[in-house]
Structures are given as C-alpha cells and as structure tokens.
Amino acid sequence: MSVELAAFTVGFASSLLSMPLVMKLMKKKRIVGIDMHKKNRPSIPEMGGVAVLIGLSASVLTVILLMPEKTRLMISFLSAALIAGTVGALDDLKPLNAKIKPLLTLFSGMPILLLGTYNPRGPIFPIIGQTRLTVIYPLMIVVALAVTSNAVNMMDPFNGTMSGTCTVITATLIISSLLLGRYDGVILSLCIFGPLIILYLFNRYPAKVFSGDVGSLSIGAALGAIAILGRLEIVAVVAFAPQIMNAFYGLSTIGRLYERREVPRPVTLLEDGKLMATSHPDAPLTLARMILARGPLHEREAARIFIIISIISGILAIFTAYLIKVTA
Amino acid sequence: MIRRIFDFTLILLFMWICMILGLWLINEVIVPLELPGINNRFITAILKVAASGGLALFWLWLWREIVKRMFWRALKKSQEESMKRTEDKKNKKFLKMSDEY
C-alpha cells in the first residue's frame, strides 16, 4: 500500500510544482496557442504536458527505488511515454506532416517489445478467455500504442476534454486492475493518475495551459502501455470508445490521415459565445460536432458532456473487466 | 443536455452489446465450426479468421452508419428549429409594428 501511495503522491506533487514553472517558461519563450473557442481569443501557454512527463518520471523512479524487481516493467512504461512525448514536442515546436507523426509514434511501442515486458500469449477476452496470438500480438503492441496516442491527440477540441477523459480512463483502469487482481496495472495507472489530475485542474475551462502534443501523445502512449503491461487490453478498448469513435469517424469522413489545419473546422463560434456544429460537407465528423448537432452549447457544457460520455464508457469497461473475471 | 448524453449512451451500449455478442458468436459458432469437404486445418483456420474479421468489419460499418444518420438528422432538426425561431421572432416584430401602426 505504501508503494502505491508513494507513486501517486510523488507524481501529483512533482506535476503540481512543475506546472507553474512550465507555464512561465512557455510564456517567456512565446510558445503559446490561441484559444479559438473564446470571443477574446486569449493566448494560452502550450506544452503543459511537459509537467505531466516530469510527474510521471518522478513517480516511476520512486517505484523503481522502492521495488527494484519492477525496474524493467517501469522502464518500458516510461520509455514508451517519453518517446511519444518527444514526437509530440517536435510537433509542438515545428508542425510535422500528418502522415509522419503517426509513423513516428509507432516507435513508442518498441521498449515494451525490446524489454519483453508483455504477456507473450496475447490478450484475454471476455467469454473467449486467454488467446494464443504469439506471432501477431507483438505487432499489435506497436500499432496499439500509436493508435492510443494519436486517438488521444485527436480528442482535444475543448478546454479540459483530453485531460478530463484521460483521467476518467485511468480511474477505470485502476478499478479494473483491482477487480482482476492485476497489480502491475494498479501501480502503472497510479503513476500517471496524479499528473493527469494536475493537468486537468490547469487545463479545464477556462484553460490556463494547453497540454500540447507533447502531453496528448505521451498520455495516450502511457495509457496504451498500461493496457498492454497490465493485461487490460479489452477493458482499455471499451474505456477508449469515445476516443476511438472520434478518430474513426473523423478519418472515415475525410478518407485519409489529416491535420486540423488542413480541413474545414467542424465547430464554429457564435456571436453569443456558444459553439455550433458546421454543416460543411467536407468537415470531419468528430465527437465535438456530433455533440453540438442538437444545437449550440457553451464550451463548458460541451466539455462536461465529453467527460460524462467517458464515464459511461468507463462503467462499461468495468463491466467488461467483471465479465473477464467471471467468464475467462 | 440529457438528450445528447442519452444519444451517446445508446450508441455506446449498442457497440458494447454488439462486441460481447460478436465474441460469443466467435466462441460458440465460428471456432467449433466443422467445414464439410475441407480437411486441411490451415485452410479451415484461415476461413474462420476471415469470418471473424468480416464480423468485426460489419460491426464497425454498422456503428458508423448509425452515427452518421443520427448526426445529420439531429443537425437538420436543430437547423429547422433555429429557422423557425427566427421566423417567429420576425412575425412577432411585424405584428407588434402593425399593432403600433
């Protein structure tokens, strides 16, 4: 119990202390983004995800110090997040091509393969039970981390949506790990839970900081790594349903990988400060656009709906974990 | 707000139930299937994987179609409502002006 508490507390405290410093640095270096969904269009410091990576690293190092037998597991987890974070930082400083970025995130799964910290037999499904995908599974790991990191990166339309939904997913993974008795899942999730709470507190409406791609890609990769290392693959697929939905519909309407700058905006800002879904046929069908289809909403309300949807899919994910426990 | 959340809850529930049903179908029907006339284990395995993959693709297609229809219907309805509201406002203004006149 003391290791879990230490992992959470160190991550939480390190992110809390480093976030104001990161914000100050980004402001000083003029690394800022425009909040497009506010009428006065304020400049907000970018790359707040750096504070998440600092908290995550501190937390992982604490676990290694307290439990040296978990060193390989923790290093593969941290490396996955750091590789994706580096890709994100490169993109934040100099925008990468829409095709190159997902390709580079494929490398984030490599540490798990190289250190051999995954379950070699494959995922455990509800009803079916333990599969034997010994050949395909390693390839799936590489793809899975690229999918989770890019899916999380694509779902950051409003203040607090990415950080809030990822906090909900992490809480879901902690509960599911406890239910299934997967200790590694609990400890890994607790390492990122603290930094995510801090990011949410700073990023929620009205945002004081943006996570940047450094944050969204590293958080996505870390959550994907928890799913693989904690043997929670199917639970994570259900918990990630809103992110998968958002990415899948966006890609299927555009028909290719795209950058936000290349396509018509799916959401427009009205005179009264509310947001409205566009009826532009070429705009991607994102979750934000679907939520706003029933009429304009204030950004705070739209962001709240995102989190509620994530909680619902989290409940379904916990049901899935229960089904795995009962049937597999 | 509740209506919007309800829409997504239905979609998520549908997708989750379909996934569980699909897994049950694969486990109970596709995996134990004995294909008459095919004795080669490798070919049988490939056919079973293809059938399971087809089922997954059908699930994704169904999911996409439902969301697409739901989105365009909701957007059309909200646009019609906003147009009606604007017309009502105009009519009220006109009636007020004519009364004053």
**OP:** Return yes when A:LEU292 is farther than 18 Å from A:ARG204 by Cα, facing chain B (nearest Cβ under 10 Å) and in contact with a strand residue (DSSP E or B) (Cβ under 6 Å, 6 or more places away or on another chain) and no when it is not.
**Re:** yes
**OP:** Could you run through the stretch B:60-81 and say how many residues are of a type outside the set (Phe, Trp, Tyr), loosely packed, with under 14 Cβ neighbours inside 10 Å and more than 8 Å from chain A (Cβ to nearest Cβ)?
**Re:** 6
Subject >> Enumeration of residues in the stretch A:230-261 that are of a type outside the set (Asp, Glu), more than 14 Å from chain B (Cβ to nearest Cβ) and open to solvent by 10 Å² or more (accessible area, probe 1.4 Å) >> reply: A:ARG231, A:ARG256, A:LEU257, A:TYR258, A:ARG260, A:ARG261
**OP:** Within the stretch B:82-97, work out how many residues are within 12 Å of chain A (Cβ to nearest Cβ) and either among the charged types (D, E, K, R) or exposed (fewer than 11 other Cβ atoms within 10 Å of the Cβ) (or both).
**Re:** 1
Original post:
For the stretch A:135-145, what are the residues that are open to solvent by 60 Å² or more (accessible area, probe 1.4 Å) and under 23 Å from the mean Cα position of the chain (by Cα)?
Top reply: A:LEU139, A:MET140, A:VAL143
Original post:
Looking at the stretch A:1-33, which of its residues are open to solvent by 50 Å² or more (accessible area, probe 1.4 Å), touching a residue at least 60 places away in the same chain (Cβ under 8 Å) and over 27 Å from A:LEU188 (Cβ atoms)?
Top reply: none
Original post:
Which condition breaks for A:GLY273 when tested against (1) within 8 Å of another protein chain (Cβ to nearest Cβ); (2) surrounded by fewer than 24 Cβ atoms within 10 Å (Cβ to Cβ); (3) over 22 Å from the mean Cα position of the chain (by Cα)?
Top reply: (1)
**OP:** Return yes when A:ARG132 is open to solvent by 20 Å² or more (accessible area, probe 1.4 Å), over 30 Å from A:VAL32 (Cβ atoms) and away from chain B (no Cβ under 14 Å) and no when it is not.
**Re:** no
Original post:
Within the stretch B:27-40, can one find any residue that is away from every other protein chain (no Cβ under 14 Å), at pLDDT below 85, assigned to a loop (DSSP other than H, G, I, E, B) and at positive phi?
Top reply: yes
Original post:
Which of the residues that make up the stretch B:1-11 are closer than 19 Å to A:PHE319 by Cβ and either within 7 Å of another protein chain (Cβ to nearest Cβ) or in contact (Cβ under 8 Å) with a residue 24 or more places away in the chain (or both)?
Top reply: B:ILE5, B:PHE8, B:THR9, B:ILE11
Original post:
Mind checking whether some residue in the stretch A:95-110 is open to solvent by less than 20 Å² (accessible area, probe 1.4 Å), farther than 25 Å from A:TYR183 by Cα and more than 15 Å from the chain's Cα centre (by Cα)?
Top reply: yes
Subject >> Enumeration of residues in the stretch A:287-312 that are in contact with a Phe, Trp or Tyr (Cβ under 8 Å, 6 or more places away or on another chain), touching a residue at least 40 places away in the same chain (Cβ under 8 Å) and crowded, with 19+ Cβ neighbours inside 10 Å >> reply: A:LEU287, A:ALA288, A:MET290, A:GLU299, A:ALA302, A:ALA303, A:PHE306, A:ILE309
Original post:
Is there any pair linking a residue in the stretch A:120-133 that is polar (S, T, N, Q) to one that is not in a loop (DSSP other than H, G, I, E, B), with Cβ under 8 Å and at least six apart or on different chains, and which?
Top reply: A:GLN130/A:ILE124; A:THR131/A:ILE124; A:THR131/A:PHE125
Original post:
Between a first residue in the stretch B:24-45 that is farther than 28 Å from A:PRO126 by Cβ and a second residue that is modelled with pLDDT of 85 or more and open to solvent by less than 80 Å² (accessible area, probe 1.4 Å), which pairs have beta carbons less than 7 Å apart while being 6 or more apart in sequence or on different chains?
Top reply: B:ILE38/B:THR44
Original post:
Among the numbered criteria (1) out of contact with any Phe, Trp or Tyr (no Cβ under 7 Å at 6 or more places or on another chain); (2) open to solvent by less than 50 Å² (accessible area, probe 1.4 Å); (3) more than 10 Å from every other protein chain (Cβ to nearest Cβ), which single criterion is violated by B:PHE14?
Top reply: (2)
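The values are calculated or read from the model by the stated rules, or taken from the named source; none is laboratory data. On a predicted model such as this, the values are computed, not experimentally measured, just so you know. So basically every Cβ, Gly included, is an ideal-geometry build from the backbone, and we count neighbours across all protein chains shown. What goes into the accessible areas is simple: the full protein's heavy atoms, side chains included, and nothing from ligands, DNA or RNA. Shrake-Rupley method; radii C 1.70, N 1.55, O 1.52, S 1.80 Å.
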